[in-house]
Each structure stands twice: as C-alpha cells, then as structure tokens.
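The values are calculated or read from the model by the stated rules, or taken from the named source; none is laboratory data. Because the structure is a prediction, the values reported are computed rather than measured. Because the Cβ atoms are built from the backbone with ideal geometry, glycine has one as well, and the counts that use them run over all protein chains shown.
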Amino acid sequence: MKILIEKDYETMSLRAAEITAAEIKKRRRLVLGLATGSTPLGMYRKWIELVKSGQLSFAEVTTFNLDEYLGLPADHPQSYHSFMQEQLFRHIDVKPDHTHIPNGVTPDAVKQCKEYERLIHQAGGIDIQILGIGQNGHIGFNEPGEDFGALTHVVRLQESTRKANARFFSRLEDVPTHAITMGLKSIMNARQVLLLAAGSDKSDAVYKAMYGEVTEQLPASVLQLHPNCIFILDEAAVSNLP
Ligand code: F6R
C-alpha cells in the first residue's frame, strides 16, 4: 500500500484528480469504479474543470458505481443516480450508456447483483476503483463484519451509517435501511484502488485500515492485501498517526 499525504482537502482532491486524469489520458478506454459521498466531490470538480478546458475526455470511459440505496428510484433526489448526475455525469462527456449504478428498485435484487458483476466482467474489469471510507471503516456499503469474499450483494445498513447519511434526508426515518453494494471481493478485483480520506473524523478508521489487523471488523483493512492500492489523505486524516 502506498500512502500520499496532502496538506488539505483541496490538495488531496487535486492529487487524486491528477493521478486518475493521467491514466484516462494514457488509456482512454479506462473502466472506473466510482463512489458517492462528500469525499470524492473535490476530485470530481477537478475532473469537470479539466473536461471543460478541453484537457480531459471521458468519451471512452466506462464507470461502475459502488452502491445504491434499495427502495429509491433513480430520479429520487437522494438516490446515488441523482447524486452522480448532479455532481459529475451531466458536466462531463461520459456516454450515459457507459455509466452503471445498481438499480435501487429492482424486482429481483439478487439477480441484479449477479448481472452487475457480469457487466463489470464484460467491460474487462475495473481499472481504477475510487473509494471513500466510513468512520467505522466501511467501504462501499460493506459494514464491519462483511465477508471479504463477497461480490455485489444486498446489505442492511448499520444505524451509524444511516445517521451519518441522514444529513442528506429530511428525517432519519427517510434513510433507506438496505442497499446494494459491490462487495469487498469486487473491490479487491480492481486493478488499482485509490482510497481518499480527509478530516480528523476519519483518522481512526484510516489508521486501523493502514496499520491495524486485517479483519472483517474493519472492512477497509482488506486493502492491505491489495497489490496496487494508494491511500490519498489530507493531514487531518492522519492526525493520530504515532
Ligand atoms: C459511497 C460509499 C461510502 C462512502 C463513505 C464515506 O458510495 O461508498 O462508503 O465513501 O461512507 O462517505 P463521505 O465521503 O461522505 O464521508
């Protein structure tokens, strides 16, 4: 695991954008794994700037998002479909049929999970997987205790995760209880993983992920076993390093 420490959120975002943009320019048909949440927004903004100034194109890029809430249709304002449209897709030249996000209102969630893995495989696998990290060490919606061997599957969200995400909903009761997420094995199958983290509230999870025991109790710790993983952090996220 390689660790890059940047001064603050802005410089962390810039570094992540530069690394990914260089790969997209090198191999235009890149397959990207994407995350939602606050952390990658700065990087997405840099990508948008690069596209608008003609320095980067997503025209041949394929994307797969990590997760989606179960029960929210794509056009729900808090669905990850809406999030990705608003924060990234509608501002760049990615082809809509090259973007993939699990369907939150599928009649057969289990079948859809299998289909999602098939689509990733058919696209040639994920070249670069972008991740954020939860305060409990979750990645995607893989909560503590999740099986390292899991592919895309349905999960029940922990109360701590629902509370953390309640800031985007009017009431905690509106936050869905289940989601579809790529599993830890799906994430480990990516050729490269970039985990982004900023802020002191992530420092405990980041420290355990990098130096703690590799355990299903801290899902991100599995990344210690990945052959090509980079943690891109700001100084606050490493504030409790010895
Ligand atoms: C979102 C996702 C989550 C977030 C994590 C951190 O697609 O996969 O694992 O990356 O909850 O969220 P933020 O970035 O909002 O702190």
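Looking only at region 107-117, decide whether some residue is assigned to a loop (DSSP other than H, G, I, E, B) and within 15 Å of GLY183 (Cβ to Cβ).
First, pick out the residues of region 107-117 that are assigned to a loop (DSSP other than H, G, I, E, B): 107-108.
If we keep only those that are within 15 Å of GLY183 (Cβ to Cβ) as well, we get none.
No; the residues of region 107-117 include none that is assigned to a loop (DSSP other than H, G, I, E, B) and within 15 Å of GLY183 (Cβ to Cβ).
Starting from region 150-163, take each residue that is under 17 Å from ASN103 (Cβ atoms) and part of a loop (DSSP other than H, G, I, E, B) and list its partners that are modelled with pLDDT of 90 or more and within 11 Å of the ligand (Cβ to nearest atom), counting only C-beta distances under 6 angstrom and pairs at least six apart or across chains.
What qualifies is THR152/MET182.
Can you name the strands (runs of 3 or more DSSP E) wholly within region 1-105 that have at least 3 residues being more than 19 Å from ILE230 (Cβ to Cβ) and in contact (Cβ under 8 Å) with a residue 40 or more places away in the chain? Give the derivation first.
Details: elements: 2-6, 31-34, 62-65, 67-69.
Once the strands (runs of 3 or more DSSP E) in region 1-105 are filtered for at least 3 residues that are more than 19 Å from ILE230 (Cβ to Cβ) and in contact (Cβ under 8 Å) with a residue 40 or more places away in the chain, what remains is 67-69.
Just one of THR36, THR63 is within 16 Å of the ligand (Cβ to nearest atom), β-branched (Val, Ile, Thr) and farther than 15 Å from ILE128 by Cβ; which is it?
THR36
What do you reckon, is LEU172 away from the ligand (no atom under 14 Å from the Cβ) and more than 18 Å from the chain's Cα centre (by Cα)?
yes
Please state which of the following conditions GLU143 fails to meet, knowing it meets all the rest: (1) surrounded by 17 or more Cβ atoms within 10 Å (Cβ to Cβ); (2) free of Cβ contacts under 8 Å to residues at least 60 places away in the same chain; (3) farther than 25 Å from ALA17 by Cβ; (4) not aromatic (Phe, Trp, Tyr).
(2)
Within region 201-216, does at least one residue satisfy the condition of being closer than 24 Å to PRO107 by Cα and either small (Gly, Ala, Ser) or buried (at least 21 other Cβ atoms within 10 Å of the Cβ) (or both)?
Here is the first cut: in region 201-216, the residues closer than 24 Å to PRO107 by Cα are none.
Within region 201-216, not a single residue is closer than 24 Å to PRO107 by Cα and either small (Gly, Ala, Ser) or buried (at least 21 other Cβ atoms within 10 Å of the Cβ) (or both).
Looking at region 176-212, which of its residues are free of Cβ contacts under 8 Å to residues at least 60 places away in the same chain and within 13 Å of the ligand (Cβ to nearest atom)?
GLY183, LEU184, SER200, SER203 - these are the residues of region 176-212 that are free of Cβ contacts under 8 Å to residues at least 60 places away in the same chain and within 13 Å of the ligand (Cβ to nearest atom).
Please go through region 134-152 and pick out each residue that is more than 14 Å from the ligand (Cβ to nearest atom) and not aromatic (Phe, Trp, Tyr).
In the first step, residues of region 134-152 are kept if they are more than 14 Å from the ligand (Cβ to nearest atom); the result is 145, 147-151.
Scanning region 134-152 gives GLY145, ASP147, GLY149, ALA150, LEU151.
Out of all the residues in region 153-163, which are within 12 Å of the ligand (Cβ to nearest atom), among the basic types (Lys, Arg) and within 15 Å of LEU70 (Cβ to Cβ)?
ARG162
What's the number of the only condition in (1) touching a strand residue (DSSP E or B) at 6+ places or on another chain (Cβ under 9 Å); (2) modelled with pLDDT under 95 that LYS95 fails to meet?
Failed condition: (2).
Out of the residues in region 107-133 meeting the condition of being more than 12 Å from the ligand (Cβ to nearest atom) and of a type in the set (A, V, I, L, M, F, W, C), tell me which one is nearest to LYS26 (Cα to Cα).
ILE128
Based on what the data block shows, is ALA166 assigned to a helix (DSSP H, G or I), in contact with a Gly (Cβ under 9 Å, 6 or more places away or on another chain) and within 13 Å of the ligand (Cβ to nearest atom)?
For ALA166, the condition - assigned to a helix (DSSP H, G or I), in contact with a Gly (Cβ under 9 Å, 6 or more places away or on another chain) and within 13 Å of the ligand (Cβ to nearest atom) - is not met.
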